[in-house]
1. Would you call residue B:142 within 11 Å of the ligand (Cβ to nearest atom), within 29 Å of residue A:153 (Cβ to Cβ), away from chain A (no Cβ under 14 Å) and touching a Leu at 6+ places or on another chain (Cβ under 7 Å)?
2. Looking at region B:173-213 only, could you name the residues that are surrounded by 13 or more Cβ atoms within 10 Å (Cβ to Cβ), of a type in the set (Phe, Trp, Tyr) and within 26 Å of residue B:163 (Cα to Cα)?
3. Within region A:171-180, does at least one residue satisfy the condition of being at negative phi and surrounded by 21 or more Cβ atoms within 10 Å (Cβ to Cβ)?
4. Name the one entry in B:94, B:56 that is touching a residue at least 40 places away in the same chain (Cβ under 8 Å), within 14 Å of chain A (Cβ to nearest Cβ), within 16 Å of the ligand (Cβ to nearest atom) and under 22 Å from residue B:153 (Cα atoms).
5. Please go through region B:354-376 and give me each residue that is loosely packed, with under 14 Cβ neighbours inside 10 Å and of a type in the set (Gly, Ala, Ser), ordered by number.
6. Taking the condition of being in contact (Cβ under 8 Å) with a residue 40 or more places away in the chain and farther than 27 Å from residue A:105 by Cα, how many residues in region A:47-71 meet it?
7. Tell me, yes or no, whether region B:227-248 has at least one residue that is over 24 Å from residue A:264 (Cα atoms), over 22 Å from the mean Cα position of the chain (by Cα) and open to solvent by 40 Å² or more (accessible area, probe 1.4 Å).
8. How about region A:220-250: which of its residues are within 7 Å of chain B (Cβ to nearest Cβ) and either in contact with a strand residue (DSSP E or B) (Cβ under 7 Å, 6 or more places away or on another chain) or open to solvent by less than 20 Å² (accessible area, probe 1.4 Å) (or both)?
Amino acid sequence: MRPRRVLPALLAGAVIAAAVLAQPARPATAQAAGEEAPPLPDVSWSFEGPFGTFDRAALQRGFQIYTEICSACHSMNLVTYDDLAGPSGLGYTEAEVKAIAAQKQIADIDKNGQPIQRPARPSDHFVAPFPNESAARTANNGAVPPDLSDMIKARDGGARYVYGILTGFRDAPKGVEMRSGMNYNLYFPGHQIAMPQPLQDNSVQYADGTKATLDQEAHDVVTFLTWAADPTTEERKRTGAKVILFLLAMTGVLYGAKRRVWSDIEH
Amino acid sequence: MAVSQNKLVQWIDHRLPVFTFLDHELNQYPTPKNLNYWWNFGSLAGVMLTIMIVTGVFLAMQYTPSVDDAFQSVERIMREVNYGWLMRYLHMNGASFFFIVTYIHIFRGLYYGSYKAPRELLWMLGVVILLLMMMTAFMGYVLPWGQMSFWGATVITNLFSAFPGIGNDIVTWLWGGFAVGNPTLNRFYALHYLLPFVIFAVVGLHLMALHQHGSNNPLGIDRKGPQDSVPFHPYYTYKDMFGLSAFLIVFAIVVFYFPNLLGNPENYIPANPMQTPPEIVPEWYLLPYYAILRAIPNKLLGVCAMFASIFVLFIVPWLDTSKVRSAYFRPIYKWVFWLLVIDAFALGAVGAHRPEGIWIVIGRVGTIYYFLHFLVLMPLIGWFERPLPLPPSIAEAVLKKRGGGALAGAAATRTKP
Ligand code: HEM
């Protein structure tokens, strides 16, 4: 039958064409720098796949890593403390979020117009470690630590790449000349990164008692960063499942209707 | 003849004949009965345009066109506005799907000779729509003001500097300053909001031209009488709705599960005029033209070749000298058509890679072949090729097919009548 053959071919064609075209359109960052990088580490995540969700415990541990370590250098300007609350956030209560925010001081102006420091409120965006880019650059040997809010979406390889960066620090191989203040990293384009290795075994004492190995820490903070890059991921996947189920049913019904309409015509 | 028994409908129709018009263009509009599923893509393109306008208007309600706020405002849409992520991902991926659908629609036209008399203007209006779409998408991509937005805009507007004498003045004029900046972003936003409605109007003309002579069909022969056609409604309304629903499944899979598959990660980094990204690549749907641009070592000639690659489509109705429309009856052109499809994919791949080594060679061969196809092969094959005998009518071909092998549809490329 004609329609049965054409349509799957068509759908498959569209998907394949899209995929084929998309692939070369993003040259791997490492290739672009003209350097060989090993394949990214193959780690599995709770948020993978159409039904994957974020492991709330991992999110909270990841947030702890960010707060205790990364936030010394990296801002996350696009995320608010409010985002952490509730089931779509990290599972904290409103009161907990209020307490988390209040630990940070934020610059503001009081009602007399005088500059002040006040505790952050849940509606504030994450307080940045440096007041501006120059200050960040000066404090970090001339390199600006990038904002981490969108980091997972802003790199080829996403979660696996950032996990690779965090676990990919090594001693520079013999014969590799390191620029001053640079650290050798397997996965960074060009291998020389201005960030000192931020995570080691036992870098933090986990509140929930989980053993803080380097892999565990990297895995947790990347889970947190993936959530932060798209806090609506779970809502999106849930909505998608409903929409697609509806469309499948509708396509079936319309196929039947179309065949009925055409049944009296030689075509 | 009354279009309806309803008094209100009659009252309105007597003064404003919208119902008569719809009745004429849908109920009575005769359509060849042998259209295959490739004919679904025109209506799909219309649906995509509608989706783009609707999601675009909602985005515009929250978007701020200023270099300091644009990136943040898009992120706010994604993170804080209710269903903002849905509007943004629909719009972002919608642009890609609009182009997928339109490109299939265009290649359908090339295969079945739908540009041939009396449909030349219909085809040319289609090329106008393609041009407007490319401009709209290019300017839309600048709006989120990520790294690729900024650098893409810089590279593409800079092309105009290739024109001798006035080139630099043109570029300054386009920018509204001495670099891509706030005035550039503002005018791109104004035009990005405007052009889709211009497209809408041209689509209206496109449909007017279509309804003058009706659809072409896989056999490429004219309808000879009522036995060859069916009324558009309900036959093709149902077929189009079925196709739309199936298409939306694919669209939804990408929007909900792979929303960033077709995008460039670099565009999630805010624009930074001080830092050039390692690689500046346009969106996938513009890659073949980008490849043609870079295939030619001379900048001015490259720019001209790029524009020519679209403009050559305007004269296709006169470049094709064949007496027969459908490639189904054209044993040589049929193969040359598929070579063009391969060439377009190859050029797309070239556009995504740095112009080094083998990619330079493929880019040049692909570019030469592209123009060879239209300017040399199309006229020559039309003269020399001996088409297969045409069936006397659509109805007879359909009946024959019922008795014997398959005819129209995808199978048409393989079986003889
Ligand atoms: C022919 C139809 C259209 C096409 C092909 C198109 C294409 C695009 C593209 C490619 C983007 C960049 C998406 C991204 O990467 O973020 C964009 C953004 C945008 N478009 Fe459109 N668009 C169309 C119609 C419209 C209309 C009619 C409006 C307004 C009424 C609109 C408003 C916007 C706004 C506000 C943005 C910035 C937000 C964003 O980047 O997501 N678009 N458009």
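1. yes
2. Passing the criteria: B:175, B:188, B:189.
3. no
4. B:94
5. Of everything in region B:354-376, just one residue is loosely packed, with under 14 Cβ neighbours inside 10 Å and of a type in the set (Gly, Ala, Ser), namely B:357.
6. 7
7. Looking for residues that are over 24 Å from residue A:264 (Cα atoms), over 22 Å from the mean Cα position of the chain (by Cα) and open to solvent by 40 Å² or more (accessible area, probe 1.4 Å), one finds none in region B:227-248, hence no.
8. Those that are within 7 Å of chain B (Cβ to nearest Cβ) and either in contact with a strand residue (DSSP E or B) (Cβ under 7 Å, 6 or more places away or on another chain) or open to solvent by less than 20 Å² (accessible area, probe 1.4 Å) (or both): A:232, A:236, A:240, A:247.
The values are calculated or read from the model by the stated rules, or taken from the named source; none is laboratory data. Bear in mind that the values here come from a model prediction, so they are computed numbers and not experimental data. No Cβ is skipped: glycine too gets one built from the backbone with ideal geometry, and neighbour counts run over all protein chains shown. Ligands, DNA and RNA are stripped out before the accessible areas are found, and what is left, the full protein with its side chains, is counted by its heavy atoms. Shrake-Rupley method; radii C 1.70, N 1.55, O 1.52, S 1.80 Å.
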